[in-house]
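S.K.: Below is one structure. I have some questions about it.
The values are calculated or read from the model by the stated rules, or taken from the named source; none is laboratory data. Bear in mind that the values here come from a model prediction, so they are computed numbers and not experimental data. Note: ideal-geometry Cβ built from the backbone for every residue, glycine included; neighbour counts use all protein chains shown. Each accessible area value is taken on the protein alone, full model and side chains, heavy atoms only, with ligands, DNA and RNA left out. Shrake-Rupley method; radii C 1.70, N 1.55, O 1.52, S 1.80 Å.
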Amino acid sequence: MARVLSGIQPSGNLTLGNYIGAMRNFVKLQHEHECYFMVVDLHAVTVPQEPEALREQSEAVAALFLAAGIDPLKANIFLQSHVPAHAELGWLMTTLVYMGELERMTQFKDKAAGKEAVGAGLFTYPALMAADILLYEADLVPVGDDQKQHLEITRDLAQRFNHRFGDCLKIPQPYIPEVGARIMSLDDATKKMSKSNPVAGSYIAMLDSPDVIRKKISRAVTDSGREVKYDPATKPEISNLIGIFAQCANIGVAEVEERFAGLGYGPFKKELAEQVVAVLEPIQQRYKEIRESGEIYDVLSKGAFNASQTANRTLTEVKRRMGFLLPPGQ
Ligand code: AQP
């Protein structure tokens, strides 16, 4: 059984991109592997967060894990900040990573662009992400393709550590789904759909009501012309919508093209909205029940307990190899 680890930041309302690119795969993976799924709140604070909003969103992400179909009896669901080993190994990884490596990270460049003050945590984010993964000796890390660069740095850091201090850390493999790897913004197909985008019309939130979903899709930018044709190079906007349709309806893009041949964008968008609603509405219903029941606290506490057992073992071994004087008994 391979060990799988992944996380989602509670940095806004989760989007359809988070669902298709991440959560939906988590649900599949839990049946075949030992899974650890985190709400990565320590990562979320690398950009400013309102304390109340952070608390609410952290609980919301955890509840969405359950609502989307992750079974706490099969997978460990926990908050990153409930397992202190993340912050500690994150620091140790910061001492191993090079400035030049961090400077090359496109996520940092994108998130720092145009900002006057950028926290150092945003720059060292990949070191903490490496710690997240390495603590659990994860074999597979399911992420969207936007996270590929961070995965590569994690592999480099593990290799660097092993080379310097002896074989100890497992080299993880990315697990990037071919289709649906990246869902783009509804208002600009050159940018990925992001929960922290201040323009609400750029994303579909997993908790958007059916009417809001219909409105957002009807206003989604489309390329000139009217043909429903998948061609990301010349028709990026409609190709993104076709990709979303294919993902929601569980069919190929060719079948979507065929279904709407000669019909134009209007009927396509109407049907697309219904497909998205059909995917999200049942999740929203379960989400409401989960939030009302309060069951999430118990799930998170069990998840953190199990995660800590594994994480602390790795952290102790890393510290031993690096030459830290360990407390008696460790
Ligand atoms: N648009 C997307 N398409 C496909 N996958 C996506 N993911 C995010 N956006 C898309 C995947 O969701 C997982 C969790 O992401 P995250 O919350 O840790 O951070 P992120 O990738 O930076 O996601 P956002 O929504 O863009 O958050 P903000 O706006 O806070 O930065 C990852 O596996 C990611 O690949």
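S.K.: Place a label point 7 angstrom from the Cα of PHE305 along the Cα-to-Cβ direction, then list the residues of the stretch 37-54 whose backbone nitrogen is under 20 Å away.
M.R.: Those under the cut-off are 37-39.
S.K.: A further question on this structure: Would you work out what percent of the accessible area of the chain, with all protein chains in place, is carbon or sulfur (probe 1.4 Å)? Working shown, then result.
M.R.: On the way: 8130 of 15380 Å².
Roughly 53 percent, rounded to a whole number.
S.K.: Within the stretch 295-318, whose backbone N sits under 19 Å from a point 7 Å along Cα→Cβ of PHE165?
M.R.: Residues passing the 19 Å test: 308-318.
S.K.: Once you sort the root eigenvalues of the Cα gyration tensor of the stretch 151-305 as a ≥ b ≥ c, which label holds: rounded (a/c under 1.5), prolate (a/b larger than b/c) or oblate (the other case)?
M.R.: It comes out oblate by the Cα gyration axes.
S.K.: Extension gain ALA87-GLU258, at 0.36 nm per residue separation less the Cα-Cα distance, in nm? Present the calculation step by step, with values, prior to reporting the outcome.
M.R.: Values: separation 171, 0.36 × 171 = 61.56 nm, distance 5.05 nm.
Full extension of this stretch gives 56.5 nm more.
S.K.: Roughly speaking, what is the stretch gain from ARG219 to THR234, that is 0.36 nm per residue apart minus the C-alpha to C-alpha distance, in nm to one decimal?
M.R.: Gain on extension, ARG219 to THR234, equals 3.4 nm.
S.K.: Extent of the chain along each principal axis, from alpha carbon coordinates, in Å, largest to smallest?
M.R.: Between the extreme Cα coordinates on each principal axis of the chain lie 73, 46, 40 Å.
S.K.: Also: Highest first, please rank the peptides 26-39, 274-287, 3-16 by the mean number of other Cβ atoms sitting within 10 Å of their residues. Mind showing how you got there, number by number?
M.R.: On the way: 26-39: 20.5, 274-287: 17.1, 3-16: 23.1.
For the peptides 26-39, 274-287, 3-16, the packing ranking is 3-16, 26-39, 274-287.
S.K.: What length, rounded to one decimal in nm, is gained on full extension from VAL199 through to LEU326, with 0.36 nm per residue of separation minus their alpha-carbon distance?
M.R.: Result: 40.8 nm gained on full extension.
S.K.: Let me ask another. Determine one quarter of the surface area of the Cα convex hull of the stretch 6-135, which equals its mean projected area, and express it in nm² to one decimal.
M.R.: The orientation-averaged projected area of the Cα hull of the stretch 6-135 comes to 8.4 nm².
S.K.: Cα gyration tensor of the stretch 264-325, axes a ≥ b ≥ c as square roots of the eigenvalues: rounded (a/c below 1.5), prolate (a/b > b/c) or oblate?
M.R.: Oblate, since a/c reaches 1.5 and b/c is not below a/b.
S.K.: Could you tell me how many degrees, from 0 to 90 and to the nearest 10, lie between the Cα long axis of helix 265-293 and the main elongation axis, the longest principal axis, of the Cα atoms of the chain?
M.R.: 40
S.K.: Please name which of ASN25, ALA117, LEU207 has its Cα lying farthest along the dipole of the chain towards the positive end, using unit charges on Cβ (Lys, Arg +1; Asp, Glu -1) and the Cα centre as origin.
M.R.: Of ASN25, ALA117, LEU207, it is ALA117.
S.K.: Could you work out the helix-only [θ] at 222 nm for the chain, with each DSSP H run of four or more residues adding -39,500 (n - 2.57) and the total divided by the number of residues, to the nearest 500 deg cm²/dmol? Walk me through the numbers before you get to the answer.
M.R.: On the way: 13 runs with 171 residues, N = 330.
So the calculated ellipticity at 222 nm is -16500 deg cm²/dmol.
S.K.: Based on Cβ point charges of +1 for Lys and Arg and -1 for Asp and Glu, what charge dipole magnitude is obtained for the chain about its Cα centre, in debye rounded to the nearest 20?
M.R.: Dipole magnitude for the chain comes out near 380 debye.
S.K.: Here is a further query. Grab the other residues whose beta carbon is less than 15 angstrom from that of MET322, score K and R as +1, D and E as -1, and report the net.
M.R.: Details: positive: ARG160, ARG164, LYS319, ARG320, ARG321; negative: GLU88, ASP167, GLU317.
Net of charged neighbours comes to +2.
S.K.: Rounded to the nearest 20 debye, what is the charge dipole size of the stretch 1-92 about its Cα centre when +1 sits on each Lys and Arg Cβ and -1 on each Asp and Glu Cβ? Walk me through the intermediate numbers first.
M.R.: Working: 5 positive and 9 negative charges, 68 e Å.
Approximately 320 debye in magnitude.
S.K.: By average Cβ neighbour count within 10 Å, what is the ranking of 44-51, 70-77 from highest down? The partial results should precede the final answer.
M.R.: Values: 44-51: 15.5, 70-77: 18.9.
With the highest mean Cβ count within 10 Å placed first, the list reads 70-77, 44-51.
S.K.: Write down the percent of antiparallel bridges among all DSSP beta bridges whose residues are both part of the chain, to the nearest 5.
M.R.: Details: 3 of 18 bridges.
Approximately 15 percent, going by the DSSP bridge assignments.
S.K.: With no solvent and one equal point scatterer placed on each C-alpha of the stretch 200-288, evaluate the Debye formula and give log10 I(q)/I(0) for q = 0.10, 0.11, 0.12, 0.20 Å⁻¹, two decimals.
M.R.: Scattering profile of the stretch 200-288, log10 relative to I(0): -0.24, -0.29, -0.34, -0.91.
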